[in-house]
1. Across the range 59-76, what is the total count of residues that are over 11 Å from Val41 (Cα atoms), at pLDDT 95 or above and open to solvent by 40 Å² or more (accessible area, probe 1.4 Å)?
2. Please determine, by comparing only the residues of the range 146-190 that are open to solvent by less than 40 Å² (accessible area, probe 1.4 Å) and farther than 30 Å from Gly70 by Cβ, which one is farthest from the chain's Cα centre (by Cα).
3. Just the residues that are open to solvent by 40 Å² or more (accessible area, probe 1.4 Å) and touching a Pro at 6+ places or on another chain (Cβ under 7 Å), please, taken from the range 77-122.
4. Would a scan of the range 118-127 turn up a residue that is among the polar types (S, T, N, Q) and under 19 Å from Tyr182 (Cβ atoms)?
5. Could you check Asp94 against (1) charged (D, E, K, R); (2) more than 22 Å from Tyr170 (Cβ to Cβ); (3) in contact (Cβ under 8 Å) with a residue 12 or more places away in the chain; (4) not in a strand (DSSP E or B) and say which number it fails?
6. Is there a residue in the range 38-58 that is closer than 17 Å to Leu152 by Cβ, in contact with a strand residue (DSSP E or B) (Cβ under 7 Å, 6 or more places away or on another chain) and touching a residue at least 24 places away in the same chain (Cβ under 8 Å)?
7. Can you pull out the residues in the range 34-46 that are in a loop (DSSP other than H, G, I, E, B), surrounded by fewer than 23 Cβ atoms within 10 Å (Cβ to Cβ) and not hydroxyl-bearing (Ser, Thr, Tyr)?
Amino acid sequence: MTQSLVSVTVITPIYNRKKYAAGMVKMLQAQTLANIEFIVVDDGSNDGTFEFLQKTTMGDKRFILLRNDGNLGPSAARNKALRQARGKYVGFFDCDDKIPADYFAGLYEQAENNGVDIVYTVYNDVRQPEKTISGLSEKIASLRNGALWDKLYKTSLITKNNLTFAEGLYCADNIFAVLAFYYADSVRLVNQPVYQYALH
């Protein structure tokens, strides 16, 4: 990862999802956080996804488009993006999900105001008690899922602990999330904004 120049880096791997690409780009472009970058990694799509992304993000300097030669999997795509991330924080977004326009602005504000390594929100509006936690057992107990997309991570937490995604391993995102919680000094649980996970 390079030196932090932006507030949040949003990482999205994509593979043969042209039908979702327009909605994904629209939701990212609508984000209200001013100092943000979007790294989209095409994992060797052959359905025109990459070409569509080139066309629709042209002129928007917030977007960085990367491409893998061949379908290497989401872990390889995320690792490639992490190596170029410039944000103080890193967030993840799947191309077929939905987020409100203030999603990353809200998580960033919570992270900065509370001085935590991870902000952990809700998805599909499943509520939880809002609090900041630091004890290891309490952190692990609060980890309702190992998903990436409902959390914002401080970049220094990732670099300091050499966190990467195990390439070729199923559910590598779960391992990443659990390790991040383990190493985090503190985690903030919040109810807003809400991540809308695609249940399909």
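The values are calculated or read from the model by the stated rules, or taken from the named source; none is laboratory data. These figures come from a predicted structure and were not determined experimentally. A quick note on method: Cβ atoms are made from the backbone with ideal geometry, for glycine too, and the neighbour counts reach across all protein chains shown. Quick note on the areas: whole protein, heavy atoms, side chains included, nothing else; ligands and nucleic acids left out. Shrake-Rupley method; radii C 1.70, N 1.55, O 1.52, S 1.80 Å.
1. Count: 2.
2. The selected residue is Ser186.
3. Within the range 77-122, Pro100, Asp102 qualify.
4. Going through the range 118-127, the residues among the polar types (S, T, N, Q) turn out to be 121, 124.
Within this subset, residues satisfying the condition of being under 19 Å from Tyr182 (Cβ atoms) are none.
The answer is no, given that none of the residues of the range 118-127 is among the polar types (S, T, N, Q) and under 19 Å from Tyr182 (Cβ atoms).
5. So the condition that Asp94 fails would be (2).
6. If we filter the range 38-58 for residues that are closer than 17 Å to Leu152 by Cβ, which is where we start, we get 38-39.
Filter again for in contact with a strand residue (DSSP E or B) (Cβ under 7 Å, 6 or more places away or on another chain), leaving 38-39.
Restricting the remaining residues to those that are touching a residue at least 24 places away in the same chain (Cβ under 8 Å) gives 38-39.
Checking the range 38-58: at least one residue is closer than 17 Å to Leu152 by Cβ, in contact with a strand residue (DSSP E or B) (Cβ under 7 Å, 6 or more places away or on another chain) and touching a residue at least 24 places away in the same chain (Cβ under 8 Å).
7. Those that are in a loop (DSSP other than H, G, I, E, B), surrounded by fewer than 23 Cβ atoms within 10 Å (Cβ to Cβ) and not hydroxyl-bearing (Ser, Thr, Tyr): Ala34, Asn35, Gly44, Asn46.
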